[in-house]
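So the structure is just underneath, and the comments pick up after that.
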Amino acid sequence: MRAINKSTGRTLAGRVVAAETWLSRSRGLLGRDELPVGEGLLLRPCRGVHTFFMRFPIDVVFLDRSQRVVATVGRLKPGRMTRIFLKAGSALELPAGTIALSLTRCGDEVVVG
């Protein structure tokens, strides 16, 4: 899969892996040394994330069920957590800096597929 910000026409990730089971969402990016540019992890369902035991910062884009951006968290450092976003249905974890480079903002439509 890939993730494209339909509102800006920019690609967020050319390769997206979905984590849709409890186990795959729990494991997330743990144990990895990095999330390469152009890759992402889609956590579904998800309303909040943490970076406990992670080794690198990430960007997180929270999407509602219609794939609209309801929140963004840029450069979330290891050992931190986001707040819970009640309107979110999924979270797209991306390499740090992706949100700024793609000009992604709340209200944008992101197509993942």
Flag for Gly79 being outside any strand (DSSP E or B), modelled with pLDDT of 95 or more and surrounded by fewer than 17 Cβ atoms within 10 Å (Cβ to Cβ): yes
Residue count, segment 55-70 (criterion: closer than 16 Å to Val37 by Cα and assigned to a loop (DSSP other than H, G, I, E, B)): 3
Qualifying residue in segment 20-38 (condition: at pLDDT 95 or above and in a strand (DSSP E or B)): no
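Could you grab me the full set of residues in segment 6-39 that are small (Gly, Ala, Ser) and closer than 14 Å to Phe56 by Cα?
Taking segment 6-39 and keeping what is small (Gly, Ala, Ser), we get 7, 9, 13-14, 18-19, 24, 26, 28, 31, 38.
The answer is Gly28, Gly31.
Identify, please: which residue in segment 7-19 is of a type outside the set (Ser, Thr, Tyr) and assigned to a loop (DSSP other than H, G, I, E, B) and is, among those, farthest from Gly48 (Cα to Cα)? Write out each step before concluding.
Quick first cut of segment 7-19, residues of a type outside the set (Ser, Thr, Tyr) only: 9-10, 12-19.
Restricting the remaining residues to those that are assigned to a loop (DSSP other than H, G, I, E, B) gives 9, 14.
On the way: Gly9: 26, Gly14: 23 Å.
Per the stated criteria, the residue is Gly9.
Matching residues to (1) in a loop (DSSP other than H, G, I, E, B); (2) out of contact with any Cys (no Cβ under 8 Å at 6 or more places or on another chain); (3) at pLDDT 95 or above:
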site	(1), (2), (3)
Cys46	yes, yes, yes
Phe53	yes, yes, no
Thr72	no, no, yes
Ala88	yes, no, yes
Ile99	no, yes, yes
Gly107	yes, yes, yes
Cβ pairs under 7 Å, 6+ apart, first in segment 1-13 and more than 9 Å from Leu103 (Cβ to Cβ), second among the basic types (Lys, Arg) and assigned to a strand (DSSP E or B): Arg2/Arg15
Filter result for the condition that a residue is surrounded by 14 or more Cβ atoms within 10 Å (Cβ to Cβ), among the β-branched types (Val, Ile, Thr) and over 23 Å from Gly9 (Cβ atoms), over Val61, Val49, Val70: Val49
Answer residue from segment 4-28, given it is buried (at least 19 other Cβ atoms within 10 Å of the Cβ) and within 17 Å of Gly74 (Cα to Cα) and is farthest from the chain's Cα centre (by Cα) among those: Asn5
Selection count, segment 57-100, where residues are within 13 Å of Leu41 (Cβ to Cβ), out of contact with any Phe, Trp or Tyr (no Cβ under 8 Å at 6 or more places or on another chain) and of a type outside the set (A, V, I, L, M, F, W, C): 4
Conditions (1) in a strand (DSSP E or B); (2) more than 14 Å from Val112 (Cβ to Cβ); number of the one not met by Leu42: (2)
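The values are calculated or read from the model by the stated rules, or taken from the named source; none is laboratory data. Model, not experiment: these values are computed from the prediction. Cβ sites come from the backbone with ideal geometry, for glycine too, and all protein chains shown count toward neighbours.
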